[in-house]
Structures are given as C-alpha cells and as structure tokens.
Amino acid sequence: MQNRNRLSVWIAAALLLAALVGAGPFVSRASAADILGPEPSGLFAPTPGAAMIDPYRAEVRVGGFAHGVGSIESGTVDFNAELVLPRLPFGQGEWWSFLVPRPHIGAMANLDNRSSYVYAGAVWTIPLWYGVFIEPFFGGAAHNGSLVGTRDLVALGCQPLFHVGGSVGYTVTSNLHVMFTIDHVSNGNEVFGTDCNRNQGLNNYGLRLGYSF
C-alpha cells in the first residue's frame, strides 16, 4: 500500500494523559506589562476575564498521536515531547507581533517500532478569543525510518524531511493548555533532488498538554 501524501478524511487520535509533576519552584517573572509593554489592541487583543496563552514564556508539551494515518504504519501510537521557547523579541506590544515565531524542538517516538523522528523549527502562536489559540508550524525533521519502504514502513525517500502542521488549542489556566495537533513529515516532492523522489510521508493526529513556565 502506498500513501499518496494527502491528509486522510478521517481523523484518529490516540490519547496520552500525562501528569506534569516535579516541576519545582520556578523563578517568578515580572508582570506582563513590564515584559511585553502595551497590550496589543484590535483583532488579537486579550479577551477580558479569559486566560490567554502567553507566547513570551517557555513551554513543555507532551501528548499522544495516532501514527501514520492512512498509511501502512497506521494503527500505531506515537509519544510526543516538545519544548517551545519564548517568542523572539521583536515587535512586542505591536499588532503584528503574532507574525514573530517561537523556536521549538521535539521528538515523535513510535511505540510499535515504526518510523520515529526528531524535529526543530518555528511555531507561530496566535491567541484568539476566550482562551482559544492556533499554531501553524514549519521546520525540518530527521528520522529512523525507511528511505525506500518495506512491508511495515512507508518510503520516506531521503533525509532530512520537511516538518509541517498546526494546532488548535485552549488555555485552561495561565499555565496549562490543551491542543489538538496535525503533524506531517515528507520530502516535499523531490525538492531535495532526484534521489528523493518517493513522497509517501506520514500524517499524525494527536492531543497534547502544555505547561508554560
């Protein structure tokens, strides 16, 4: 079976509930006004009375994903761990600050001996209303899967891969967030050269918890 690098029309998610324990005392930070300057106005202004994700704080995320949906690697589960750093210090307090990315690094570890990968890149955290936020991301990934494909592994074509996707999240408290994420890796249709012409890729769908500090 060959995955033609399209997002499946059905969505499967594997749930992994993780307790974030032992965080220990964190260094108290200055008030948001001292760090960020004036709050943005207009479309991306905070909603009064609602907790909003703060992109100027670091965040640890963990979660579970349905792996390789629509491919021969489907029916397995990934564990995901990720560190998201604060937004780069440009345009703080300006309406266009949502265009400034946050660096992130993470790992998608398959629990059934299928393709796993590590990744790094940029994520754009965009707070909306009533605690809701969205996050597109883009970067690169290195994997331990097959380049040409086997009975159990998709053909990933080459090394490295593109890593793209996005999340829709909700801010439960100022520290705790929950999000649904679509995560995709592929070789980008021969963009790395003629030796990278098989573009099956992997589509993963999951839920994650994030803790800001």
| How high is the relative contact order of the stretch 58-213, in percent, counting Cα pairs under 8 Å that sit 6 or more residues apart? | 22
| note | Given a Förster distance of 25 Å, the FRET efficiency implied by the Cβ-Cβ spacing of Phe90 and Ser174, rounded to the nearest 0.05, works out to 0.60
| Centre separation in Å (Cα based) which lies between the stretch 67-139 and the stretch 170-189 | 5
| message | Explain nothing, just compute: Karplus ³J(HN,Hα) = 6.51 cos²θ - 1.76 cosθ + 1.60, θ = phi - 60°, for every residue of the stretch 104-117 in order, whole Hz, x for Gly and Pro. | response | 9, 9, x, 9, 10, 9, 6, 8, 10, 6, 9, 5, 10, 7
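Read the figures in this text as sums done on the coordinates, not as results from a lab. This one's a predicted model, so the numbers in the text were calculated from it and none came from an experiment. Positions of Cβ are generated from backbone atoms using ideal geometry, with glycine treated the same way; all protein chains shown enter the neighbour counts.
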